Amino acid sequence: MSVPKFTVEVVTREAVKIVGLKVRTSMQTSEVDCPALWQESFGPRMSEVATYPGLSYGASVMVDQDKFDYWAALPYREGDPIPEGMGLLDLAAGPYAECEVESLADLAGAYQYIFFGWGAGEMDKFRADAVSYELYPADHCASGRLTLYMPLKVEDKT
């Protein structure tokens with residue numbers, strides 16, 4: 001078995017508003033909780049969102065050093081109805097570390113690489129107060145590919 005190789009680039013992303021469902025999870029239980037959110041809760045309800053089908057998002061909002069809220073969501077268009085029980089989340093504009101991921105099996109390794117490989121020794125470059133997210137293209141089920149975005153602090157150029 002080969003170890004996946006990851007490439008990280010710094011990109012600027014525009015703000016996006018997403019609509020979906022969330023689950024509170026932890027680093028220890030996320031490998032069960034996050035797929036269950038997609039498969040059992042949000043997946044069956046995706047067609048209720050006006051922007052379905054298309055891009056989808058998996059977004060993480062840190063609560064503390066271990067716990068986080070994980071969102072399974074779709075893009076939200078202003079004025080569209082918000083399905084019952086779902087909520088909105090803003091993804092901030094700004095610089096992000098972007099990492100292409102070949103499959104869900106490689107996702108945990110990509111997170112590890114960004115934090116402890118690419119960003120090693122520079123943890124203060126990441127924005128802990130902003131949402132990190134996975135962007136799943138419309139063909140994700142066929143291709144397996146996704147892109148991971150980790151928010152970065154804006155460099156002070158003065």
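Could you please find all residues in segment 22-60 being within 18 Å of residue 139 (Cα to Cα), of a type in the set (Ser, Thr, Tyr) and open to solvent by less than 50 Å² (accessible area, probe 1.4 Å)?
Scanning segment 22-60 gives 51, 56, 57.
What are the residues in segment 39-88 that are part of a loop (DSSP other than H, G, I, E, B), without any contact (Cβ under 8 Å) to a residue 60 or more places away in the chain and among the hydrophobic types (A, V, I, L, M, F, W, C), if any?
Correct list: 49, 50, 63.
Within segment 71-87, track down each residue that is closer than 10 Å to residue 20 by Cα and open to solvent by less than 70 Å² (accessible area, probe 1.4 Å).
71, 72, 73, 74, 75, 76, 83, 85, 86, 87
I'd like to check something: does segment 99-110 contain any residue that is closer than 13 Å to residue 22 by Cβ, out of contact with any Pro (no Cβ under 9 Å at 6 or more places or on another chain) and open to solvent by less than 70 Å² (accessible area, probe 1.4 Å)?
Looking for residues that are closer than 13 Å to residue 22 by Cβ, out of contact with any Pro (no Cβ under 9 Å at 6 or more places or on another chain) and open to solvent by less than 70 Å² (accessible area, probe 1.4 Å), one finds none in segment 99-110, hence no.
How many residues, within segment 116-140, are within 15 Å of the chain's Cα centre (by Cα), open to solvent by less than 60 Å² (accessible area, probe 1.4 Å) and not small (Gly, Ala, Ser)?
8
Listed here are the residues, each with its yes/no results for (1) closer than 23 Å to residue 41 by Cβ; (2) at pLDDT below 95.
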position: 63; (1), (2): yes, yes
position: 67; (1), (2): yes, yes
position: 77; (1), (2): yes, yes
position: 81; (1), (2): yes, yes
position: 85; (1), (2): yes, no
position: 89; (1), (2): yes, no
position: 100; (1), (2): no, yes
position: 103; (1), (2): yes, yes
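The values are calculated or read from the model by the stated rules, or taken from the named source; none is laboratory data. Remember, it's a predicted structure, so these values are computed and weren't measured experimentally. All Cβ positions, glycine included, derive from the backbone under ideal geometry; neighbour counts span all protein chains shown. Heavy atoms of the whole protein, side chains included, go into the accessibility calculation; ligands, DNA and RNA do not. Shrake-Rupley method; radii C 1.70, N 1.55, O 1.52, S 1.80 Å.
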